[in-house]
Amino acid sequence: MNNTIALTMSRMRLVMRNRAFLFFSLIMPMAYLIIAVEVFVRGNAAMVSYVLASVLALTVMGTLWGMSLQLVMFREQGILRRFRLAPVGAGAMLLSSILANYMLTIPTVLIQFIFARWVFHLKDWGNLWGVFVILTLGIAAFGALGLIIASVTNSMQETQLINNAVWFALLFLSGATAPLPIMPGWVQNIALFLPGTYVVMGLERVMISKASVWTLGPHVIALVACGLIAFFLSKQIFRWDPDDKISRKAKLWAVSCLIPFLLVGGYEWKFGNLKHEATVDLQSLERSAMQDHAPQQ
Amino acid sequence: MNTAIIEVHNLTKRYGNVEALRGVTFEVAEGEVFGLLGPNGAGKTSTIEILEGLRQPTGGIVSVCGMQPLLGGNAYKQLIGGVLQSTSLPEKIRVIEALDLFASFYQKHRSPDDLLKRFGLTEKRTALYSQLSGGQKQRLALAMALVNEPRVLFLDEPTAGLDPQVRREIYTIIEELKREKKTILLTTHYIEEAERLCDRVAIVDAGKLIAQGTPRELKSASAGTTRIELRTAQPSDVSALKSLEGVAECRAFDGFYVVHSHAVPKTIVALVKHLEATNNELAGLEIANPSLEDVFIELTGRRLRD
């Protein structure tokens with residue numbers, strides 16, 4: 001555990017010295033928050049919660065970029081080989097990445113919250129405990145997914161390629177950039193099988209409807225299971241050396257971390273009411289907007 | 001020889017169809033500096049990386065400090081230190097942070113500040129890794145390798161790519177470690193490095209260990225020819241020089257001749273007589289002992305850098 005703590009502290013120092021981190025973790029989400037508020041809120045203060053939930057979800061999902069690229073870069077540059085000579089295990093290396101990422105993402109999330117409250121007059125904090133739980137599980141799960149991507153790719157170029165493909169799917173199909181209820185039925189069905197959807201919907205539920213974490217069973221179970229499977233698998237197929245190539249079998253194993261979302265997606269598709277809840281949340285915000293505007297008419 | 005702390009028996013390593021190691025066997029005693037000398041691709045790095053526990057051997061028996069490197073896990077890593085052929089650290093890590101971090105991994109460790117002082121890096125204490133010169137990076141790599149006071153130190157081409165001045169600085173550091181009776185296994189393709197630093201040397205070529213012993217033993221076990229480099233006032237006849245007593249080989253170069261002799265005094269007497277008889281004069285003469293390079297050429301028919 002001492003190794004994990006020492007590595008976590010070291011990782012945090014390294015990341016904070018990286019200007020790209022400041023840009024991608026703080027400036028870009030804030031810029032998106034400002035633009036999204038301008039586009040979607042339009043005087044309806046209740047919509048700020050909705051937009052903030054999306055921005056927070058993007059921040060969570062974005063962790064997969066940093067996690068995967070840093071690990072691949074460390075492997076490509078031979079940095080991991082030097083650590084391998086020391087009494088440090090793959091578990092400590094990976095866990096420290098996730099912990100450092102978590103410790104640095106939480107403050108940026110807090111800043112986004114405070115900014116939304118003070119600048120855009122966020123009406124309601126929502127269920128803060130629920131927000132904390134979903135953020136924690138989301139950061140851990142997406143961090144672990146980043147590690148899995150790093151485990152199956154051999155170069156920065158390959159990692160960026162896969163990250164882009166995953167990122168665009170998450171960006172446009174999980175409800176993070178456009179509300180899920182306004183999308184065609186088939187897109188909504190695809191969304192049920194994406195990890196990002198459970199972060200976006202989970203945050204919307206706890207922030208808009210103040211839903212209890214206990215009512216978000218499928219979301220929580222899928223995120224926990226995905227995080228654990230991805231972490232375990234990335235530890236098993238961890239490569240210290242750039243010359244070590246991954247087998248096809250290991251690549252197939254890596255895909256299995258998405259099984260929880262396939263199961264939860266299948267359940268939601270057949271029996272769940274996630275799509276219905278998303279529609280209810282959006283309609284409640286629209287009603288709120290109409291009530292706000294009613295006396296003026 | 002003291003008790004062997006490193007034992008390698010019939011070590012083989014195969015990468016696909018390439019046989020990198022073909023039955024390498026040697027032992028290193030505690031407190032000894034042992035060098036693996038050979039050209040690039042000879043199998044030196046494969047050997048040292050197997051001993052460090054970074055690679056799995058295809059066959060053979062390997063033991064360091066009584067443990068099998070791959071099976072020893074963290075307990076084994078507590079006992080060894082190493083400088084890889086190319087050590088790399090995150091660019092934004094500070095020198096002291098790197099040492100502190102690696103010190104924290106070991107049960108027993110030296111003070112990072114003492115190491116900085118010893119390796120002349122105190123002034124660079126808070127410098128970022130990216131701000132260090134090649135020599136400073138290599139000194140930091142050595143400091144990191146010693147942070148746990150290892151029983152065995154592995155140095156893979158510790159001076160490769162460094163300029164001559166920095167190389168000499170590294171030699172001085174390794175010589176200090178040698179005086180402290182640290183067990184060191186180093187790989188190199190520099191003759192000077194092997195001759196200057198190693199108690200014993202193994203010559204490796206194409207995955208095989210072709211000779212081993214002290215540098216003196218290796219040189220004396222070679223064909224025993226001594227190189228005589230001479231210059232004459234007027235051109236001499238190479239075939240005549242070849243026929244002088246004790247001469248094994250003679251080659252003419254631009255303005256000088258290189259004669260290999262089995263019996264130097266007799267050859268020199270015969271040379272002086274030959275020059276007198278041909279009304280020629282000796283303009284310069286240099287006698288050199290055979291180097292490890294000569295031994296390598298004799299054993300493989302190639303130069304180390306070929």
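For this structure, a couple of remarks:
- When A:V60, A:V48, A:V39 are checked against the criterion of being away from chain B (no Cβ under 14 Å), without any contact (Cβ under 8 Å) to a residue 24 or more places away in the chain and either of a type in the set (A, V, I, L, M) or in a helix (DSSP H, G or I) (or both), a single residue qualifies: A:V39.
- Enumerated strands (runs of 3 or more DSSP E) restricted to segment B:187-296, each holding at least 3 residues that are in contact (Cβ under 8 Å) with a residue 40 or more places away in the chain and not assigned by TED's automatic domain parsing to the domain that holds B:T172: B:226-232, B:282-288
- For segment A:21-30, the criterion of being within 14 Å of chain B (Cβ to nearest Cβ), without any contact (Cβ under 8 Å) to a residue 40 or more places away in the chain and closer than 30 Å to A:G89 by Cβ is met by none of the residues.
- Within segment A:107-127, tally of residues that are assigned to a helix (DSSP H, G or I) and either under 17 Å from the mean Cα position of the chain (by Cα) or not charged (D, E, K, R) (or both): 13
- Taken over segment B:31-45, the criterion of being out of contact with any helix residue (DSSP H, G or I) (no Cβ under 6 Å at 6 or more places or on another chain) and closer than 12 Å to B:I5 by Cα is satisfied by B:G31, B:E32, B:F34.
- Per-region count, segment B:156-186, residues closer than 12 Å to B:Q138 by Cβ and either free of Cβ contacts under 8 Å to residues at least 60 places away in the same chain or part of a strand (DSSP E or B) (or both): 11
- Residue check for A:G130: more than 14 Å from chain B (Cβ to nearest Cβ), of a type outside the set (S, T, N, Q), surrounded by 21 or more Cβ atoms within 10 Å (Cβ to Cβ) and assigned to a loop (DSSP other than H, G, I, E, B): no
- Tabulated pairs, segment B:84-97, first facing another protein chain (nearest Cβ under 7 Å) and surrounded by 17 or more Cβ atoms within 10 Å (Cβ to Cβ), second aliphatic (A, V, I, L, M) and in a loop (DSSP other than H, G, I, E, B), C-beta under 8 angstrom, 6+ apart or interchain: B:L84/A:L85
- Residue list for segment A:88-98, filter: surrounded by fewer than 24 Cβ atoms within 10 Å (Cβ to Cβ), within 14 Å of chain B (Cβ to nearest Cβ) and either in a helix (DSSP H, G or I) or modelled with pLDDT of 95 or more (or both): A:A90, A:G91, A:A92, A:M93, A:S96
- Which numbered condition B:D114 fails, given (1) out of contact with any Lys or Arg (no Cβ under 6 Å at 6 or more places or on another chain); (2) within 8 Å of chain A (Cβ to nearest Cβ); (3) among the charged types (D, E, K, R): (2)
The values are calculated or read from the model by the stated rules, or taken from the named source; none is laboratory data. On a predicted model such as this, the values are computed, not experimentally measured, just so you know. Backbone-built Cβ (ideal geometry, glycine too); neighbour counts: all protein chains shown.
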